Amino acid sequence: MVKVFGKRVRLFRPRTIWIRKLVQWFFFLLIALIAVNHTLAESGSAIPVLSSASLHAVCPFGGVVTLYTLASSGVLVQKIHSSALVLAGLSLLLAIFFGPVFCGWICPLGTVQEWVGKLGRKLFKRRYNHFVPTKLDNILRYARYGILIWVLYVTAISGTLIFEAYDPYFALFNFWSGEVAPTALLILGTTLVLSVFVERPWCKYACPYGAVLGLTNLFRVFSIKRAASTCKADGACSIMCPMNIAVDNKTVVRDHQCISCLECTSEAICPVAKTVVFTSGGLK
Amino acid sequence: MTLTSKPLAAILFIVMFGGISVSSALGWWQTESAKVPAAFTEGEFAGQANPADIRGSYTFGDIANSFDVAPDVLARAFQITSDDPASFAVKDLESLYLDSGYEIGTNSIRLFVAFYAGLPFDTTGQEIYLLKPAADILLADATLTPEQTAYLQAHTVEVAPADVEAAPAPSEESAPETESAPPAPDPTTSSTEEYLVKGKTTFGELLQWGVPQDVIEQMIEAPMPDLAMTVKDHATATGLDFETLKTQLQAEVDKIKK
């Protein structure tokens, strides 16, 4: 704090990665508009220029669930289009280099959870995102792999998109269409309510696509790295991490839940320059 | 190399939208269905298209592309009168029979295609109805199990579509009369308009009109193409003169229909 014209003001210092928020807004609006336009197209009044693709056509997870059917019988699972395969490939490419940036920067469901989480942060201050007991939390974090295996299995044996009936992402952008299963609406509602207490609960505990991309954290090219020599060990990076990763006791973040949001870095919360960075090389 | 948020955001946009642009240029970016049903994944029919996966958005032409059922057969089975049965959308069927008291829709098409093509279809617990013309075609042309025949007999209804004229009667070759079938009107009394070879006439229609397959193959100098393919498309694709081919085919049709 410094005095300016006799008033005490806080000097500006970036506390968040603002451009990420901008990118999140962009993709949220893009997907929302496409979803609305898809509905309009069915009544013959689509907005020209804007895509009227179905939500499944612009969801990369569809590209993952259809792989078995594609390999075994040469066709895509119903409702899935080749665009989903393209998006899955691009998201995987990004993840191999930069980790699950799709989750942290693009996924509109993640974005909505973050928006709701702002309310929780205001209500609960530092308690926010720390309600789940550590032991339980550690176990629950592997649930998304179980869900991934289940989704892949049921899709493979049925050749249909069974997950649609449980998918909160589909429910979020189709709740007006009458095509959404009550289970999906229930899961979306639960996710939003939980987001008041826990940051990104769906991503942490249930998202099967996050499970796929999360695996790239183990070998990605660019990682979050902490220079222990300059670290003040104030724990800011760990407190800020939406996925509750203890960045302050790691030199390289290889946690399967990292979403590459960069909120822990020296560009955002870390008060020491070049101490927590996103890099492909080593740190001095 | 160290990255900050702005270059990362730029990379993200370049990769996502650049990738979409490149895939579009390569023809990989398809956001609409290719209208190909999922295939059976196991058993005797593994790899073959599954009739249970026929969707409302499919046209009779799409169905003909995946199953050995010509659009004209489907049109006759469901009493659709159209110059271009291949373009008739399955989802439009239900609205034609809304007032009939029976649900004649996508499921009826699935059942018909499955029985006609000899593919498995689970009817357990389902009440799926077929029209009499469809049942007649199946009894005449398909190989049905006793269970399938019994199901068919229990689920055949005689209703007329709303605002649609009765479909042209089947020719003797494609659907010979059976005991249960109503007498078919004499094809020779039909308007000759119905047997005009046009650009959108399909090979399936030619067969339905009674033109022998070997005659067609002789004229197009090639094995019989997909039955849903139009004569004009085939002529364009193979470099044949459509007008000449049309005249030859029309002569054959006229010979049969006289």
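What does the structure give for A:83-93 when I average, per residue, the other chain Cβ atoms found within 10 Å of the residue Cβ? Don't skip to the answer; put the middle values down first.
On the way: counts 8, 2, 4, 11, 5, 0, 3, 9, 3, 0, 3.
Average neighbour count from other chains, rounded to a whole number: 4.
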Within 10 Å of each Cβ in peptide B:103-114, how many partner chain Cβ atoms are there on average? Round it to a whole number, please. 0
For region A:104-123 and region A:213-284, write down the distance between their C-alpha centroids in whole Å. 20 Å
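In terms of the Cα gyration tensor, with a ≥ b ≥ c the square roots of its eigenvalues, is region B:53-170 rounded because a/c is under 1.5, prolate because a/b exceeds b/c, or oblate? Could you put the intermediate results ahead of the total?
Details: a/c = 1.41, a/b = 1.21, b/c = 1.17.
Here region B:53-170 falls in the rounded category.
What is the protein assembly as shown by shape, rounded, prolate or oblate, if you read a ≥ b ≥ c off the alpha carbon gyration tensor as root eigenvalues and call it rounded for a/c under 1.5, prolate for a/b larger than b/c, and oblate otherwise?
Values: a/c = 3.03, a/b = 2.51, b/c = 1.21.
Prolate, since a/c reaches 1.5 and a/b exceeds b/c.
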Rounded Å value of the spacing that divides the Cα centres of region B:64-99 and region B:101-164: 14 Å
A 32 angstrom limit on the alpha carbon distance is what I want to check against. Which of A:Lys118/B:Lys35; A:Lys79/A:Lys122; A:Lys118/A:Lys250; A:Lys118/A:Lys274; B:Lys35/B:Lys232 exceed it? A:Lys118/B:Lys35; A:Lys79/A:Lys122
Would you kindly calculate the translational diffusion coefficient of chain B, applying Stokes-Einstein with the Kirkwood radius from alpha carbon pairs, for 20 °C and a viscosity of 1.002 mPa s, and quote it in µm² s⁻¹ without decimals? 104 µm²/s
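Filter chain B for me: DSSP H helices, axial length by Cα at least 20 angstrom, mean Kyte-Doolittle hydropathy not below -0.5. List them by residue number. Mind dumping the intermediate values first?
Values: long enough: B:5-25 (29 Å, 1.57); B:242-257 (22 Å, -0.61).
Membrane-span-like by this rule: B:5-25.
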Note on chain A: helices (DSSP H) long enough, at least 15 Å by alpha carbon along their axis, and hydrophobic enough, mean Kyte-Doolittle at least 1.6, are A:82-98, A:182-194
Taking only C-alpha pairs under 8 Å that are 6+ residues apart, what is the relative contact order of chain B in percent? 16 percent
Lys and Arg at +1, Asp and Glu at -1: add these up for the other residues within a Cβ distance under 10 Å of A:Thr265 and post the number. +1
So if I take the centroid of the Cα atoms in region B:204-236 and the same for region A:37-91, what is the distance between those two points in Å? 35 Å
Debye intensity ratio I(q)/I(0), log10, region A:56-217, q values 0.17 Å⁻¹ (C-alpha model): -1.07
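Given the protein assembly as shown, what percent of its DSSP beta bridges are antiparallel, to the nearest 5?
Numbers: 13 of 15 bridges.
The antiparallel fraction comes to roughly 85 percent.
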Give the peptides A:143-150, A:212-219, A:83-90 in descending order of average Cβ contacts within 10 Å, highest first. A:83-90, A:212-219, A:143-150
Please give, to one decimal in nm, the separation of the simple spin-label points placed at B:Thr2 and A:Trp25, each 7 Å out from Cα toward the Cβ. 2.8 nm
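Taking square-rooted eigenvalues a ≥ b ≥ c of the alpha carbon gyration tensor, is region A:68-108 rounded, prolate or oblate, where a/c under 1.5 means rounded and, failing that, a/b exceeding b/c means prolate? Provide the component values of the computation, followed by the final result.
Working: a/c = 3.50, a/b = 2.07, b/c = 1.69.
Taking the square roots of the gyration eigenvalues as a ≥ b ≥ c, region A:68-108 is prolate.
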Pairs of Cα atoms under 8 Å, at least six residues apart: use those to get the relative contact order of chain A, whole percent. 20 percent
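Give, rounded to the nearest 20 debye, the magnitude of the charge dipole that chain B has about its Cα centre when Lys and Arg contribute +1 at Cβ and Asp and Glu contribute -1 at Cβ. Please list the in-between numbers first.
Working: 14 positive and 38 negative charges, 224 e Å.
Taking the Cα centre of chain B as origin, the dipole is about 1080 debye.
Any read-out appearing in this document is the output of simple, stated calculations on the displayed coordinates, not a laboratory observation. All values reported here derive from a predicted model rather than from experimental measurement. Positions of Cβ are generated from backbone atoms using ideal geometry, with glycine treated the same way; all protein chains shown enter the neighbour counts.
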